[in-house]
Amino acid sequence: MLSSRPSKLVRISFLSLIFIALTAGCQTRTSPIPESHAAMEADIQEAVFRFMFDHSNGTAREIGDFFFLQLPDAKDPSPDFMTRFDGYSPAVAPSSAATASPWTGVSHKIRGGKGYLFEIQALRWVDDKTVEVDVRFYEDGRSASGSTYRLESKKGKWAVADTAVHWIS
């Protein structure tokens, strides 16, 4: 005798389809960075690093041999980006050229010397003329900090407008 109730398999399939239909619109979607924003990011990153150089440990420029740069996800800046710092003193190099220890600090893997690590950890667009950038400065286990910089574009030039220090060691 056939039952008028739908089979268990049919009920499960039906409920699964309803669940999929209801949750399909709830998926997190990341929209690609608008082309205009992507084109500006190198200028923003340069402004951040130069600000960090000028506002880091007061003696960094006098006693440092190297400034090492790192982008989000522990990536090195491109060789093209690094040319923005040609002739800068102290020498500027990608973070992959550095070695870091809480006890001995940061130094060049091959050349030695005292170094400082400047990191951009995240960049968030607030609007077309404002970004927030999470940064970290590292000298050694007793000299490091984490901050957020708010940058604004005025007349096509990016500059730090505000800073918030989150931690210092």
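Read the figures in this text as sums done on the coordinates, not as results from a lab. Since the structure is predicted, the reported quantities are computational estimates derived from the model, not experimental observations. No Cβ is skipped: glycine too gets one built from the backbone with ideal geometry, and neighbour counts run over all protein chains shown.
List of remarks:
- Couplings 3J(HN,Hα) for region 42-49, derived from phi with the Karplus relation 6.51 cos²θ - 1.76 cosθ + 1.60 (θ = phi - 60°), are 5, 5, 5, 4, 4, 4, 5, 4 Hz, where x marks Gly and Pro.
- Pairs of Lys in region 36-168 closer than 22 Å at Cα, counting only those 8 or more apart or on different chains: 5
- Residue (of Y149, V133, H55) at the positive-pole extreme of region 36-168, dipole from beta-carbon charges: H55
- Order of Y88, Y138 under a 10 Å beta carbon neighbour criterion, fewest first: Y88, Y138
- The spacing between region 111-156 and region 62-108, judged by their C-alpha centroids, is 13 Å.
- Most to least packed among 43-55, 157-169 [average Cβ atoms within 10 Å]: 43-55, 157-169
- Overall dimensions of region 36-168 as given by Cα atoms, namely Rg and Dmax in Å: 14.3, 44
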